[in-house]
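The values are calculated or read from the model by the stated rules, or taken from the named source; none is laboratory data. Computed from a predicted model, the values in this text were never measured in an experiment. Quick reminder, even Gly has a Cβ in these numbers, built from the backbone with ideal geometry, and neighbours come from all protein chains shown.
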Amino acid sequence: MNPFLRTLFKPSERTIPRNGMGNGAESVLATVPPPALQGDIAAIAIENIFQLIDFAALTGKLEIESTVNCGTFYFRKGMLIHGLLRVNHRRIGQILLDARLITADQLEECLRIHEQTDTRKRFGQILVDKGYAQPEWLEKSLVHQIKESFFEALSWQDGSFVFHPGQAPPPEEIQTYSRIDRLLLEGMVHIDQSALVR
């Protein structure tokens with residue numbers, strides 16, 4: 001077996017209620033699909049994993065854990081459709097501010113509202129509700145954030161990855177359909193430019 005890509009063949013099992021309610025009703029043994037691929041970024045570069053997903057037109061979720069951050073990326077038939085990092089260097093508000101679509105005062109006001117509210121309303125929705133941002137601006141900014149997350153993941157050199165086939169992002173998440181080969185080219189340029197800035 002290739003030491004760089006460790007595949008798991010034995011499915012994991014767990015008991016779930018037949019009626020899905022967990023109230024003591026008769027339970028059945030359900031098979032939870034195992035990861036299709038997992039391995040170490042130090043042994044196989046993450047861009048090679050992205051290329052494999054592209055070449056094989058895979059659908060599923062790729063989880064990447066690095067020493068500096070972690071990310072989750074979703075693919076459909078080899079296309080990137082969603083991605084996010086645990087810590088984003090540029091949040092949605094900052095992307096909108098950098099694009100001069102909102103002002104610093106509007107950003108600060110909405111950040112205060114977001115921190116003070118007890119609801120789970122997303123920050124972008126607060127901007128829209130206040131009339132400071134158009135829904136299409138927000139959607140474009142979210143797509144931009146997905147691409148930035150992909151580019152950052154390309155720079156990671158240590159950590160691990162796991163690919164779960166067939167999984168999809170929540171339906172409420174903004175999705176894009178981006179070809180991986182183009183993203184890889186953009187990402188390499190992005191990394192080179194970032195290195196020059198440093």
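Here are the numbers for this structure:
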quantity	calculated
Residue within the stretch 50-62 that is in a loop (DSSP other than H, G, I, E, B), hydroxyl-bearing (Ser, Thr, Tyr) and at pLDDT 95 or above present	yes
Some residue of the stretch 182-193 being in a loop (DSSP other than H, G, I, E, B) and either out of contact with any Phe, Trp or Tyr (no Cβ under 7 Å at 6 or more places or on another chain) or modelled with pLDDT of 90 or more (or both)	no
Failed criterion for ALA99 (all others in (1) over 21 Å from GLU186 (Cβ atoms); (2) exposed (fewer than 15 other Cβ atoms within 10 Å of the Cβ); (3) of a type in the set (A, V, I, L, M) hold)	(1)
Those residues of the stretch 139-181 which are aliphatic (A, V, I, L, M), in a helix (DSSP H, G or I) and within 25 Å of GLY39 (Cα to Cα), in sequence order	ILE146, ALA153, LEU154, ILE180
Within the stretch 79-138, helices (runs of 4 or more DSSP H) holding 2 or more residues that are closer than 30 Å to GLU65 by Cα and in contact with a Leu (Cβ under 6 Å, 6 or more places away or on another chain)	92-98
Those residues of the stretch 102-121 which are at pLDDT below 90 and closer than 28 Å to GLY187 by Cα, in sequence order	none
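Yes/no matrix, rows are residues, columns are (1) more than 17 Å from PHE161 (Cα to Cα); (2) modelled with pLDDT under 90:
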{"position": "THR7", "(1), (2)": "no, yes"}
{"position": "GLU13", "(1), (2)": "yes, yes"}
{"position": "ALA25", "(1), (2)": "yes, yes"}
{"position": "PRO35", "(1), (2)": "no, yes"}
{"position": "ASP40", "(1), (2)": "no, no"}
{"position": "ILE46", "(1), (2)": "no, no"}
{"position": "ILE64", "(1), (2)": "no, no"}
{"position": "TYR74", "(1), (2)": "no, no"}
